[in-house]
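**Student:** Please find one structure pasted underneath; my questions will follow.
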Amino acid sequence: MKYFWIQLLLIAGSVSMALMFIRTWGQAKNRAWKRIAFSLFVVVNVYAVLRPTDVTWVAHQLGVGRGTDLVLYVMVLAMGFLTLNTFLRFRSLEKKLTDLARTVALSEGARHNDARLGSTAAHVTAVVTEAGAEPEPEIESEPEPADSDTVKA
C-alpha cells in the first residue's frame, strides 16, 4: 500500500497510452508487428509497475545490477528504435512529396503549354499521339523579308 499512488499513476499512464493507440488504430496504418510490440510493451509496463521486484530479479538474471538500470537500458533501445523509425518515415514522406511536386509541375507545365498553343493544337496532338503516328510539325507562316541592311551569310 506504500506505493499505491505512484503505481496508480503509472498504470493510468500506460492505459491512457493504450487507449490513444487503440482509438487511432484504424487511422494509423501501423503494421501488425508494431501493434503487437506496443501491446506487449503496455502489458510488460503494467506488470513491472505492479511487481518491481520481478524486474530486479530479471535484471540480476541478465547481469544488470538493478531493475531500474534494466528499464533504462530497454528505454534507450526503444528510443533509438523510435528515432530510426521516425527518420525513415520522414525520408519516405519527403520522397513521396518530391514525386508529387514533380508530377504537379509537369501537369501544370502541360496545361500552360496547352493554353499558350491553344486547345486545337493540344487536341490534334492528342489525337495523333493516340493513333500511334508522330505529329506533323506546324506550318509556319511565310518568313518576313530581311531588312536590306542586315544580310545573313
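**Student:** Looking only at the range 65-90, count how many residues are farther than 21 Å from Val46 by Cα and among the aliphatic types (A, V, I, L, M).
**Tutor:** 2
**Student:** Kindly check whether there is at least one residue in the range 123-137 that is in a helix (DSSP H, G or I), loosely packed, with under 10 Cβ neighbours inside 10 Å and modelled with pLDDT under 90. Explain how you work it out, then say what you get.
**Tutor:** Keep residues of the range 123-137 that are in a helix (DSSP H, G or I), which gives 123-131.
Those still in the list that are loosely packed, with under 10 Cβ neighbours inside 10 Å too: 130-131.
This time we only want the ones that are modelled with pLDDT under 90, so: 130-131.
Yes, there is a match, as at least one residue in the range 123-137 is in a helix (DSSP H, G or I), loosely packed, with under 10 Cβ neighbours inside 10 Å and modelled with pLDDT under 90.
**Student:** Got at least one residue in the range 70-92 being farther than 30 Å from Ala37 by Cα and small (Gly, Ala, Ser)?
**Tutor:** Residues of the range 70-92 that are farther than 30 Å from Ala37 by Cα, as a first pass: none.
No: the range 70-92 contains no residue that is farther than 30 Å from Ala37 by Cα and small (Gly, Ala, Ser).
The values are calculated or read from the model by the stated rules, or taken from the named source; none is laboratory data. In this text, all values refer to a predicted model and were calculated from it rather than measured experimentally. Reconstructed Cβ throughout: ideal geometry from the backbone, glycine too, with neighbour counts over all protein chains shown.
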